[in-house]
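Trainee: Take this structure first; my questions come after.
The values are calculated or read from the model by the stated rules, or taken from the named source; none is laboratory data. Just so we're clear, the structure is a prediction, and the values are computed from it rather than from any experiment. Cβ sites come from the backbone with ideal geometry, for glycine too, and all protein chains shown count toward neighbours. Accessible surface is based on the protein model in full, side chains and every heavy atom, while ligands, DNA and RNA are left aside. Shrake-Rupley method; radii C 1.70, N 1.55, O 1.52, S 1.80 Å.
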Amino acid sequence: MALFDLSRDELREYRSDSVAPEDFDAFWSKTLQEAREHDLDARFEPVETGLTTVRVYDVTFAGFGGHPVKGWLTLPAGAEGPLPLVVEFVGYGGGRGLPHEHLLWASTGRAHFIMDTRGQGSAWGGGGGTADPVGGAPSYPGFMTRGIDAPENYYYRRVFTDGVRAVEAARSHPLTDASRTAAVGGSQGGGITIAVGGLVPDLAAIAPDVPFLCDFPRAATLTDRHPYREIGLFLKTHRGRTEDVLRTLSYFDGVHFASRGSAPALFSAALEDQTCPPSTVFAAFNAWAHADKQIEVYEFNDHEGGGPYQEAAKLGWLRSYI
């Protein structure tokens, strides 16, 4: 598929039709308050990996509902002082994998924390090990419609809360510098990054690549690729529930988190991306509230986006912030 979405000029001007619920901020304030009633209980267990340039810790912390969530903390070997921190979130279906899969950021002299995504970690990479102990109403196979009957039950309420708590857990380690913390991620990880960027007010920077979970009303009708297609397939069976489903999703739309973003941001989009269409990415980028924002655009790429070229762009860009 070549270009299928809006032109570059139209993308720069595009604004989503998604409307934030009136109680959006109250909903998330209450959600995070309830999560923080549980002791963070961040535990860092050293891991022998055979790697000589880094030290790795197997991390467990209390996420949504106090549920245990896993992660890896990777530090440059011999690091002694507080280090700038990169917190990373992973794509749909993946997990934290194995430590040697994540060496880029520690190789720059920064601390790196990667969060396992609850209930996922079984579709690609080295897997994951975090369960999602919360049930939900009937849903199409996948995660997009899990608990979609109400915002309080929706799967991503738990995941986004885990993301905020992951930042808190990583910052609690004595060798990380809380004042120099950036959040990064691609696809689903980019969507979580945007949500965390809207919920954590003191990040130094965020960098979401080809982000998922943005502009649900457009995404669900523009592309027939999964995961967005899960929404349509659910509604194909549950006829007449479109309004209710879109209401639930409005509490989790990256566009609304973006309008609350308070850190410099580097986005990326790919103009042939049918998984996360460029207009949905630009919807979040255009809504991002902080004035210091940039977007890298890859004209002839699908959902792989900029790949190593975007990694190089982030390496250069982040030097100004952490």
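Trainee: Using +1 at the Cβ of each Lys and Arg and -1 at the Cβ of each Asp and Glu in region 16-114, identify which of Pro76, Ala26, Tyr57 lies farthest towards the dipole's positive end.
Mentor: Pro76
Trainee: On a C-alpha basis, how far is the centre of region 140-210 from the centre of region 87-118 in Å? Whole number, if you could?
Mentor: Here the two parts' Cα centres lie 13 Å apart.
Trainee: Using θ = phi - 60° and the Karplus form 6.51 cos²θ - 1.76 cosθ + 1.60, what ³J(HN,Hα) does each residue of region 297-303 get, whole Hz, x for Gly and Pro?
Mentor: 10, 10, 5, 10, 10, 8, 6
Trainee: Moving on to the next point. Under 10 Å from the Cβ of Pro217, count the other residues' Cβ atoms, weight Lys and Arg +1, Asp and Glu -1, and hand me the total.
Mentor: Local charge sum for Pro217: -2.
Trainee: Same structure again: Using amide H atoms built in the peptide plane, which far-off residues or other-chain residues are under 5 Å from Thr117 H to H?
Mentor: Long-range HN contacts for Thr117: Arg96.
Trainee: For a quick check of understanding: with a 1.4 angstrom probe and all protein chains in place, what accessible area in square angstrom does Val19 have, to the nearest ten?
Mentor: 110
Trainee: Which lysines, on any chain, are close to Lys293 with Cα under 27 Å apart, when same-chain ones fewer than 8 places away are left out?
Mentor: Lys314
Trainee: Quote to one decimal, in nm, the extra length available between Asp9 and Glu80 on full extension: 0.36 nm per residue of separation minus the C-alpha distance between them.
Mentor: 20.8 nm
Trainee: Which far-off residues, 5 or more places away or on another chain, put their amide H under 5 Å from the one on Arg260, with H placed in the peptide plane?
Mentor: Correct list: Ala289.
Trainee: Let me know the charge dipole size of region 44-174 about its Cα centre in debye, to the nearest 20, where only the beta-carbon of Lys, Arg (+1) and Asp, Glu (-1) is charged.
Mentor: Around 160 debye, computed over region 44-174.
Trainee: Compute, for Glu152, the solvent-accessible surface of its heavy atoms (probe 1.4 Å) with the complete set of protein chains present, and express it in square angstrom to the nearest 10.
Mentor: Rounded to the nearest 10, that gives 100 Å².
Trainee: Here is a further query. Applying the Karplus parametrisation 6.51 cos²θ - 1.76 cosθ + 1.60 with θ = phi - 60° to the phi angles of region 260-275, what ³J(HN,Hα) value in whole Hz is obtained for each residue in order, glycine and proline being reported as x?
Mentor: For region 260-275, the Karplus curve yields 10, x, 10, 10, x, 9, 10, 9, 9, 9, 10, 6, 9, 6, 8, 6 Hz.
Trainee: Please get the size of the charge dipole for the chain, origin at its Cα centre, with Cβ charges of +1 on Lys and Arg and -1 on Asp and Glu, quoted in debye to the nearest 20.
Mentor: My answer is approximately 240 debye.
Trainee: In terms of modelled amide H atoms, which long-range or inter-chain residues lie less than 5 Å from the amide H of Phe267?
Mentor: Gln294, Ile295, Glu296
Trainee: Which one of Asp116, Asp162, Asp302 has the biggest mean-square fluctuation once the chain is modelled by GNM with Cα springs under 10 Å?
Mentor: Of Asp116, Asp162, Asp302, the most mobile in the Gaussian network model is Asp302.
Trainee: Using a 7 Å offset from the Cα along the Cα-to-Cβ direction at both Ser122 and Val19, what is the distance between the two label points in nm, to one decimal?
Mentor: In this crude label model, Ser122 to Val19 measures out at 3.9 nm.
Trainee: Extending each Cα 7 Å along its Cβ direction at Thr108 and Ala291, get the distance between those two points in nm, one decimal.
Mentor: Each label point is offset 7 Å from its Cα along the Cβ direction, giving 2.5 nm.
Trainee: Now for a different question. Please build a GNM for the chain, connecting alpha carbons under 10 Å apart, and tell me which residue among Ser172, Ser29, Ser250 fluctuates the most.
Mentor: Ser29
Trainee: With unit charges on the beta carbons (Lys and Arg positive, Asp and Glu negative) and the dipole taken about the Cα centre of the chain, which residue among Ala35, Leu233, Leu203 sits farthest to the positive side?
Mentor: The listed residue farthest towards the positive side: Ala35.
Trainee: Calculated from DSSP H runs of 4 or more alone, at -39500 (n - 2.57) each and per residue, what is the 222 nm mean residue ellipticity of the chain, nearest 500?
Mentor: Using -39500 (n - 2.57) per qualifying helix, the result is -9000 deg cm²/dmol.
Trainee: Quick one: 3J(HN,Hα) in Hz for region 232-238, Karplus 6.51/-1.76/1.60 with θ = phi - 60°, rounded, Gly and Pro as x.
Mentor: Once rounded to whole Hz, the list reads x, 5, 4, 6, 4, 8, 8.
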